[in-house]
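Data block below; observations after.
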Amino acid sequence: MTLLSQVTPECKAFAETCEDLLQRRQTSPTHLFKTWSRDELCDLSYSSYKALLRGVVRNPPRRSQVLDLADYFECTLAERNALLVSAGYAPLNLYLTGQPLQEALQVGEETLHALQVPSVLITRDWTLHAVNQAVLDLLNIPLELFQQLPLEQRHLLHLAFDPHSPLYPRMQGGTQGWWDLMVRDVLTFQRENQFATQEGWFQERLARLQKLPRFQDAWLQAAEEHHALELSPLHLLHFHMGTGEILHLRLTYTLLGELDYPRIMSYVPL
């Protein structure tokens, strides 16, 4: 009798996906330092899994339990969605890639340059793909300087934490006000990418950011205090201009389709 022979038809796809993930984790060279077993899976994530394999449980688990299983398996976004779909739930929103992403970015850039307020075009990983003239005027930098920045530095958090970036002095980098804003932004980045932490792009980005002064402290504080920190829907920013004037801005978003990204972020003066 095979392992899955007693599983009910309603749970068959889900059980097959779980067993496939379990087998891959047990044989993967990148997961050798963690124990993977059905006993541990039941103890830590889904206590009814063995009962499901015996056919006692006749329906897949609740969506929240499926997501707990995905956390146990340290799933990539694609694996997490495969697990959700196998249990009969809708997948999480995927971010665009390839040609669809390029087409969305082209539309976004055309829209961006039609806006009169300072605006930037970003993707899911918070990389800046384009800025309009109003942003360059706000930061008092020429377009050539922005274009000379390596792509890995054209990132909202990188620019905010890097003392050598043109954004850092405008946000009074190093002050308490800047710090409070940074912890809030890091928390937003964590929440928006909570299901992408096993993706290669996320781990590469995090490794680069951790080399910047104080980023690791902000990351840990945001993770520890995430229940206490509130994210304001207005997302107010205070830019310190070269003249000594403080410009108060409110952040707004423009979506370019059904997904959250890519999007245009605009800074509207109050």
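Below is a table of values for the structure above.
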{"quantity": "Inverse of mean 1/r across different Cα pairs in the stretch 9-86, Kirkwood, Å", "calculated": "12.6"}
{"quantity": "Whether the stretch 15-144 is rounded, prolate or oblate, judged on the alpha carbon gyration tensor where a/c under 1.5 counts as rounded", "calculated": "prolate"}
{"quantity": "Calculated from backbone phi, Karplus (6.51, -1.76, 1.60) coupling profile of the stretch 246-257 in Hz, x at Gly/Pro", "calculated": "9, 9, 8, 10, 10, 7, 10, 10, 10, 7, 10, x"}
{"quantity": "Between 0 and 90°, nearest 10: helix 77-86 axis offset from the chain longest Cα axis", "calculated": "40"}
{"quantity": "Sorted largest first, extent of the stretch 97-191 alpha carbons per principal axis (Å)", "calculated": "41, 32, 24"}
{"quantity": "GNM top mover of His240, His164, His129 - the chain, alpha-carbon springs below 10 Å", "calculated": "His164"}
{"quantity": "Rounded, prolate or oblate (a/c below 1.5 giving rounded, otherwise prolate when a/b exceeds b/c) for the stretch 165-270 by Cα gyration tensor", "calculated": "oblate"}
{"quantity": "Hull volume in cubic angstrom per residue (convex hull over the Cα atoms of the chain)", "calculated": "157"}
{"quantity": "Helix 12-27 axis, angle to the chain major axis (alpha carbon atoms, nearest 10°)", "calculated": "70"}
{"quantity": "Listed residues Pro150, Pro91, Pro163, most fluctuating in the chain (Gaussian network, C-alpha, under 10 Å)", "calculated": "Pro150"}
{"quantity": "Degrees separating the helix 215-224 axis from the principal Cα axis of the chain, which is the longest one", "calculated": "50"}
{"quantity": "Nitroxide proxy distance, nm - points 7 Å out along Cα→Cβ at Thr175 and Val85", "calculated": "5.0"}
{"quantity": "Cβ-derived FRET efficiency at R0 22 Å, Ser28 paired with Leu94, nearest 0.05", "calculated": "0.45"}
{"quantity": "Modelled FRET efficiency - R0 35 Å, Asp43 with Ala228, Cβ distances, 0.05 increments", "calculated": "0.70"}
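FYI, it's all coordinate maths here, none of it is from the lab. Keep in mind that what you see is a predicted model, and the values were worked out from it rather than measured. Cβ sites come from the backbone with ideal geometry, for glycine too, and all protein chains shown count toward neighbours.
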